[in-house]
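Enquirer: Once you've had a glance at the structure underneath, I'll fire off some questions.
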Amino acid sequence: MASTLFRNIQTHPILFYPSVLFRRKNGALYCTMKSSSSSTTQTQTATLEKHQNPRTKVIDKRIKDYEAIIGIETHVQLSTLTKAFCGCPYNYGAQPNTSICPVCMGLPGALPVLNSKVIEFAVKLGLALNCKLSFNSKFDRKQYFYPDLPKGYQISQFDIPIASNGYVDLDLPVEFGGGHRRFGITRVHMEEDAGKLLHSGNGSFSQVDLNRAGVPLLEIVSEPDMRNGIEAAEYAAEIQRVVRYLGISNGNMQEGSLRCDVNVSIRPIGQSEFGTKVEIKNLNSFSSVNRAIDFEISRQVLLHSQGQGNSIVQETRLWEEGAQKTVTMRKKEGLSDYRYFPEPDLPEVILKKEYVDSIQNSLPELPEMKRRRYENMGLSMQDVLFLANDINVAKFFDATIAEGADVKLATNWIMGDIAAYMKNEKVSINDIKLVPRELAELIASIKGGTISGKIGKEILFELIEKGGTVKGLIEEKNLVQIVDHTEIEKMVDKVLSENPNQLEQYRAGKTKIQGYFAGQVMKLSKGKANPGLLNKILQQKLNASS
């Protein structure tokens with residue numbers, strides 16, 4: 001049956017694709033599908049459902065009568081060296097169809113061989129999400145037709161996922177009200193990715209790139225525990241943090257390494273039944289997750305308020321970033337449409353307790369554990385969330401503390417000047433030349449009075465840009481702080497004698513001018529005068545009787 005079908009495709013392609021062209025361009029193989037008329041696309045675009053702007057006063061009044069029910073399906077692309085069922089590598093941005101083989105292309109007779117790393121990464125994530133593991137699981141065929149799915153089915157898991165019944169804990173940002181949340185995880189299962197369609201500028205044809213076909217994915221399905229866009233966006237961000245901490249994926253949304261499909265429904269407050277859910281795709285950032293959900297909630301509330309609740313159907317909608325709205329993509333398929341059945345070409349996946357225990361013992365400190373540890377150090381929740389958000393920043397902070405640096409001072413330097421530099425220069429903490437040992441030394445030098453805070457900042461930026469050591473820079477630039485009482489007193493006397501008018505104003509009651517004198521002394525000392533000693537001497541001189 002299968003071989004007959006493939007023969008028909010090869011012999012009579014016109015029966016399946018009215019205008020399919022396989023051609024080679026710049027050494028890469030393209031499958032091009034031409035539309036019989038580009039007007040089809042234009043007609044579909046023109047007939048997209050038009051919605052009123054739901055952000056009206058009516059909605060604002062009505063929305064409090066409804067509760068949103070939100071769940072997320074997250075696809076995580078695994079950072080394995082090769083694909084899930086063949087030896088082809090995957091490199092983001094590679095020329096189309098340059099990392100493919102008969103298995104990727106779904107050619108007759110090509111059999112899949114499971115990449116063991118996929119199992120290892122799936123177990124890691126299952127444990128990290130507090131799931132119950134299935135020690136005996138299997139793969140299934142999920143069958144549907146789409147041009148980027150060469151086999152006509154996707155290898156996935158259906159009724160026995162490798163992990164289920166877990167949860168993830170997170171802390172909402174302070175600016176959004178703060179608070180701790182726990183969201184349930186329904187399941188984690190393994191599957192392969194499909195290819196990618198490259199659409200032409202005028203929409204008259206699309207090209208198929210199969211580089212991504214067969215790339216291993218883990219799909220994480222949440223419980224419908226979220227109630228607004230902020231919670232959903234923070235949940236997705238926490239999944240990203242977890243996979244990055246585990247080292248199983250880079251989690252880059254812009255590369256498609258982490259993709260979120262959101263399911264949204266509403267129901268009247270107090271009603272136990274769920275409403276009709278709508279799936280939203282094309283969410284390319286956490287902020288778009290937040291905005292798309294808020295729009296969809298408002299859209300559904302508007303329809304209910306107009307007595308058109310029955311017009312909300314189970315469908316897939318696309319988020320249009322430019323228009324800031326969702327539009328209909330297609331009606332949602334049911335499970336029966338996929339005709340799942342066990343994958344006959346792959347054996348069962350059987351886990352042994354010793355294998356699971358070894359992975360459990362190798363897990364790193366995860367984001368939630370790290371946040372609680374930082375909180376126990378006495379850091380504020382704002383500090384905690386910033387430091388734990390990026391695993392590389394957290395490693396840098398931990399290494400700085402391990403060198404003996406004061407916890408709060410290290411936090412302030414990392415969250416302040418270092419973070420500002422990274423933001424301005426668009427670099428990560430791994431890109432700067434400052435190392436934790438030297439940050440700890442810098443903090444100690446300021447705290448011990450060897451250099452002032454102002455000099456410390458100058459040294460910091462030199463260390464960030466060029467590297468080196470704190471002690472070396474202090475000696476090279478003669479930056480040691482002046483702590484000699486007599487020397488500072490001479491400079492204070494000089495500044496006061498050169499500014500008689502300002503001195504008179506101060507003694508007439510304009511005491512804020514003291515800062516001016518301190519600035520002049522610091523300028524004279526090239527920033528090296530000890531601030532504490534300077535202010536003490538200055539205070540004495542200013543308040544002395546003329």
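Enquirer: What are the residues in region 287-306 that are acidic (D, E) and either open to solvent by 20 Å² or more (accessible area, probe 1.4 Å) or out of contact with any Ser or Thr (no Cβ under 6 Å at 6 or more places or on another chain) (or both), if any? Outline the logic, then answer.
Expert: Initial filter on region 287-306 (acidic (D, E)): 294, 296.
Scanning region 287-306 gives a single hit, D294.
Enquirer: Got a number for residues in region 307-361 being loosely packed, with under 11 Cβ neighbours inside 10 Å and in contact with a His (Cβ under 7 Å, 6 or more places away or on another chain)?
Expert: Of the residues in that region, 0 qualify.
Enquirer: When you scan region 128-139, do you find a residue that is at positive phi, in contact with an Asp or Glu (Cβ under 9 Å, 6 or more places away or on another chain) and open to solvent by 10 Å² or more (accessible area, probe 1.4 Å), even just one?
Expert: yes
Enquirer: Sticking with this structure for a sec: Tell me, which residue of region 208-225 that is aliphatic (A, V, I, L, M) and in contact with an Asp or Glu (Cβ under 7 Å, 6 or more places away or on another chain) is surrounded by the fewest Cβ atoms within 10 Å (Cβ to Cβ)? Explain how you work it out, then say what you get.
Expert: Taking region 208-225 as the starting set, the residues that turn out to be aliphatic (A, V, I, L, M) are 208, 210, 213, 215, 217-218, 220-221.
Okay, now just the ones that are also in contact with an Asp or Glu (Cβ under 7 Å, 6 or more places away or on another chain), so 208, 213, 215, 217, 221.
Details: V208: 24, A213: 30, V215: 24, L217: 24, V221: 18.
Looking at residues that are aliphatic (A, V, I, L, M) and in contact with an Asp or Glu (Cβ under 7 Å, 6 or more places away or on another chain), I get V221.
Enquirer: Here are some residues: N202, N228. Which one is farther than 30 Å from K142 by Cα, out of contact with any Asp or Glu (no Cβ under 7 Å at 6 or more places or on another chain) and in the same structural domain as K142 (by TED's automatic domain parsing)? Steps first, answer last, please.
Expert: On the way: N202 fails: in the same structural domain as K142 (by TED's automatic domain parsing).
Result: N228 is the single residue among N202, N228 that is farther than 30 Å from K142 by Cα, out of contact with any Asp or Glu (no Cβ under 7 Å at 6 or more places or on another chain) and in the same structural domain as K142 (by TED's automatic domain parsing).
Enquirer: Something else: Might you let me know whether region 498-516 holds any residue that is open to solvent by 80 Å² or more (accessible area, probe 1.4 Å), within 47 Å of the chain's Cα centre (by Cα) and hydroxyl-bearing (S, T, Y)?
Expert: yes
Enquirer: Give me a count of the residues in region 140-164 that are open to solvent by 40 Å² or more (accessible area, probe 1.4 Å) and among the hydrophobic types (A, V, I, L, M, F, W, C).
Expert: Total satisfying the criteria: 3.
Residues are listed down the side, and each one gets a yes or a no for (1) of a type outside the set (A, V, I, L, M, F, W, C); (2) in a strand (DSSP E or B); (3) touching a residue at least 12 places away in the same chain (Cβ under 8 Å); (4) open to solvent by less than 30 Å² (accessible area, probe 1.4 Å):
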{"position": "I72", "(1), (2), (3), (4)": "no, yes, yes, yes"}
{"position": "C88", "(1), (2), (3), (4)": "no, no, yes, yes"}
{"position": "S99", "(1), (2), (3), (4)": "yes, no, yes, yes"}
{"position": "M105", "(1), (2), (3), (4)": "no, no, yes, no"}
{"position": "L111", "(1), (2), (3), (4)": "no, no, yes, no"}
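Enquirer: Can you tell me which residues in region 211-227 are part of a loop (DSSP other than H, G, I, E, B) and among the β-branched types (V, I, T)?
Expert: V215
The values are calculated or read from the model by the stated rules, or taken from the named source; none is laboratory data. This is a predicted model, so every value here is computed, not measured. Note: ideal-geometry Cβ built from the backbone for every residue, glycine included; neighbour counts use all protein chains shown. Remember, those area values only see protein heavy atoms, side chains included, never the ligands or the DNA or RNA. Shrake-Rupley method; radii C 1.70, N 1.55, O 1.52, S 1.80 Å.
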